[in-house]
Amino acid sequence: MTYLWTDEGWLYLAIVLGLWNRDMLSWVDDLKNERVHGCRYATRAKATAGIFEYIEVFGNRKRRYSTLG
């Protein structure tokens, strides 16, 4: 679990880990370094939208999941 500061307060991000995806912990660090540091979110909704965009648009294109399929 990680957390992000917004002007409304803390927003918590929880990730479910399985035995096959232990590298997700380093991925959370990448998320914070590449997307969150240097950004100021006015609302939790804007932070949620920014994180969603990073995961769905940028993150999934950059990190292919070769173990699927």
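Observations on the structure shown:
- Looking only at residues of segment 29-50 that are surrounded by 14 or more Cβ atoms within 10 Å (Cβ to Cβ) and within 16 Å of Asp7 (Cβ to Cβ), we find that the one that is modelled with the lowest pLDDT is Val36.
- Checked against the criterion of being among the acidic types (Asp, Glu), modelled with pLDDT of 75 or more and not in a loop (DSSP other than H, G, I, E, B), segment 5-28 contains not a single residue that satisfies it.
The values are calculated or read from the model by the stated rules, or taken from the named source; none is laboratory data. Quick caveat: nothing in here was measured; it's all calculated off a predicted structure. Note that we place each Cβ from the backbone using ideal geometry, even for glycine, and neighbour counts take in every protein chain shown.
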